[in-house]
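Student: Here you go, one structure.
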Amino acid sequence: MLKLPALILTLCSVFLTGFIQPKKTPLDVLLWVKNKYVKHKSISYSILYRQKFFLGDDTMQWKAKCQLIRDTTDSVFGGRIWYKTSDGSEIYYNLKQVFAIDHPKKHIDVYNAHQNQTGPITGNISGNIIRINFLKPDKLLNQALDKNNLLTMDSDKTHYLIAIQYPPNEIFSNKKLMIWVDKKTGIIEKQKYYIKKESKEQYSEWILNNIRFDKSSYKGLDKSLNKYILTYSYKLYMPPSEKDFELLPNGAQAPAFTGIHFQNSQLVSLDQYKGKLLLLDFSYMSCAPCVEAIPHLLNLRKDFENKNFVVIALNSNDNRESHLKRLPGFINKHSISYPMIMTNRTVDSIYKVKVYPSFYLIDKNGKIVYSNLGFSTVVADTLRAAIKRQLD
């Protein structure tokens with residue numbers, strides 16, 4: 001039987017631990033996550049990654065299996081990376097090179113990561129599947145500690161739900177990262193990142209499962225890669241030079257092409273525009289600079305339409321059924337009054353188009369008199385001046 005002082009101490013202990021235990025803060029949880037991750041050398045997981053862009057109505061998604069092995073000496077990514085998507089794309093970074101493995105073609109493209117050749121990961125949307133805060137566990141906590149960011153937390157029976165609200169700026173009115181942390185394990189099982197611009201929203205979402213720690217080894221990854229190297233062809237990546245992006249020269253005859261006039265379903269060819277000053281706009285629906293150019297093209301068409309000047313858009317990127325269904329709404333929304341010609345990539349290739357939008361001005365004899373890749377207000381002014389020279 002407990003004596004009175006001992007009984008009082010026991011009751012106080014129960015009271016303090018059971019009833020006035022401090023409530024966890026968002027920073028407590030994120031510090032717990034960080035400490036959990038830094039104890040482990042590697043992580044493997046399956047993931048569903050989803051993304052929707054400002055200018056698109058469709059949500060794209062990738063399923064993949066990933067392995068990350070942290071190495072604090074690595075200045076590029078912070079460790080080894082391996083992932084394989086459900087469409088068969090496989091990527092491996094071994095702290096020196098990035099290997100992009102194409103199984104259908106039995107070919108490997110090899111990139112020198114320490115010469116900024118990280119495009120297979122950083123230049124592809126699917127590369128975002130590695131952004132789960134494991135290779136650089138301090139990053140998320142540092143964002144939470146930033147006094148400019150608003151940090152809040154809610155919870156349910158199984159997860160802490162932490163929100164990091166970033167301050168608005170001239171472009172974005174709402175920018176927020178949502179993080180779901182398992183209450184039992186301290187592991188992030190889901191993330192969602194929102195950006196809002198005017199009435200448009202873009203988001204990315206990471207949903208993880210089959211999460212395992214310390215089950216990956218670089219020896220196992222290297223062994224798999226070596227097996228492919230023995231049987232697949234491979235090629236060292238050579239970065240493109242300025243010459244690779246050169247458009248067809250002024251004075252050259254514009255290559256012939258055909259396509260379908262989207263608005264009236266008629267077959268169209270370059271020959272139909274002989275005797276006119278023709279502006280070709282190589283563009284597509286979800287290309288932000290292409291959309292930015294539309295009002296300027298409409299103004300050019302309006303200002304010079306009585307002078308035998310014609311604008312047409314050549315679109316080889318929106319031929320998929322889901323995109324074709326959206327095109328009428330896109331055309332109406334942007335009041336596009338010039339023809340949109342649906343072509344194929346061969347047309348882009350013969351015109352050496354690798355950047356969108358790209359423009360060609362073709363005179364009444366079918367000769368190229370001006371070309372430019374990309375768009376800006378400076379390009380719009382230069383284009384107007386080139387049109388005036390031809391019409392004066």
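Nothing in this text is a laboratory measurement; each read-out follows from the coordinates by a stated rule. Remember, it's a predicted structure, so these values are computed and weren't measured experimentally. Using ideal geometry, Cβ is built from the backbone for each residue, glycine included, and neighbour counts are taken over all protein chains shown.
Student: I'd like the Karplus ³J(HN,Hα) series for the stretch 247-261: coefficients 6.51, -1.76, 1.60, θ = phi - 60°, whole numbers in Hz, and an x wherever there's a Gly or Pro.
Tutor: My calculation for the stretch 247-261 gives 7, 4, x, 4, x, 6, 6, 5, x, 5, 8, 9, x, 10, 5 Hz in order.
Student: Provide the per-residue ³J(HN,Hα) series for the stretch 374-386, in order, calculated from phi with Karplus coefficients 6.51, -1.76, 1.60 and θ = phi - 60°, each as a whole number of Hz, with x at glycine and proline positions.
Tutor: Values, residue by residue: x, 9, 7, 5, 5, 4, 4, 5, 5, 5, 4, 5, 5 Hz.
Student: What is the distance in Å between the Cα centres of the stretch 276-311 and the stretch 171-199?
Tutor: 39
Student: Per residue of the chain, what 222 nm ellipticity follows from adding -39500 (n - 2.57) for every DSSP H run with n ≥ 4, rounded to the nearest 500?
Tutor: Values: 9 runs with 105 residues, N = 392.
After summing the helix terms and dividing by residue count, I get -8000 deg cm²/dmol.
Student: Further question: Quick one: 3J(HN,Hα) in Hz for the stretch 342-351, Karplus 6.51/-1.76/1.60 with θ = phi - 60°, rounded, Gly and Pro as x.
Tutor: 7, 10, 10, 5, 4, 5, 4, 5, 5, 9
Student: Also: Give the angle, between 0 and 90 degrees and rounded to the nearest 10, that separates the Cα long axis of helix 321-333 from the longest principal axis of the Cα atoms of the chain.
Tutor: 70
Student: To the nearest 20 Debye, how big is the dipole of the stretch 217-328 about its Cα centre, given +1 on the beta carbon of each Lys and Arg and -1 on that of each Asp and Glu?
Tutor: Values: 13 positive and 11 negative charges, 79 e Å.
The calculation lands at about 380 debye.
Student: If Rh is defined by the Kirkwood formula over all Cα pairs and Rg also comes from Cα, what ratio Rg/Rh do you get for the stretch 168-271? Don't skip to the end; give the middle numbers.
Tutor: Details: Rg = 25.6 Å, Rh = 21.5 Å.
With Rh from the inverse mean 1/r over Cα pairs, Rg/Rh is 1.19.
Student: Mind giving me the FRET efficiency for GLN263 and GLU170? R0 is 41 Å, r the Cβ-Cβ distance, nearest 0.05 is fine. Mind showing how you got there, number by number?
Tutor: Working: r = 36 Å, r/R0 = 0.87.
Efficiency for this residue pair is about 0.70.
Student: Summing Lys, Arg as +1 and Asp, Glu as -1, what charge do residues with Cβ under 14 Å from the Cβ of LYS65 carry, LYS65 excluded?
Tutor: +2
Student: Counting only other residues whose beta carbon sits under 15 Å from that of PRO104, what net charge do I get with K and R as +1, D and E as -1? Can you show the working numbers first?
Tutor: Working: positive: LYS84, LYS105, LYS106; negative: ASP87, GLU90, ASP102, ASP109.
Within the 15 Å Cβ shell, the charges total -1.
Student: Taking the simple approach of a point 7 Å from Cα along Cα-to-Cβ for both PHE213 and LYS157, what is their distance in nm?
Tutor: Once both label points are built, they end up 2.6 nm from each other.
Student: Could you give the longest part of the chain that holds none of the GluC sites (Glu not before Pro) found in DSSP loops with at most 12 neighbouring Cβ atoms within 10 Å?
Tutor: Values: sites that count: GLU170, GLU198, GLU246.
Of all site-free stretches, the longest is 1-169.
Student: Over 31 Å apart: what share of the alpha carbon pairs of the chain falls there, rounded to a whole percent? Present the calculation step by step, with values, prior to reporting the outcome.
Tutor: On the way: 42058 of 76636 pairs.
Roughly 55 percent, once rounded to a whole number.
Student: Given all pairs of different Cα atoms, what value in angstroms does the Kirkwood hydrodynamic radius of the stretch 244-391 take? Numbers along the way, then the final one.
Tutor: Numbers: mean 1/r = 0.0654 Å⁻¹.
About 15.3 Å for the stretch 244-391.
Student: LYS106: which lysines have alpha carbons under 26 Å from its alpha carbon, excluding same-chain residues fewer than 8 sequence positions away?
Tutor: List returned: LYS63, LYS65, LYS84, LYS96, LYS219, LYS223, LYS227, LYS235, LYS354.
Student: Provide MET238, MET342 in ascending order of the number of other Cβ atoms located within 10 Å of each residue's Cβ, fewest first.
Tutor: On the way: MET238 8, MET342 20.
Lowest count first: MET238, MET342.
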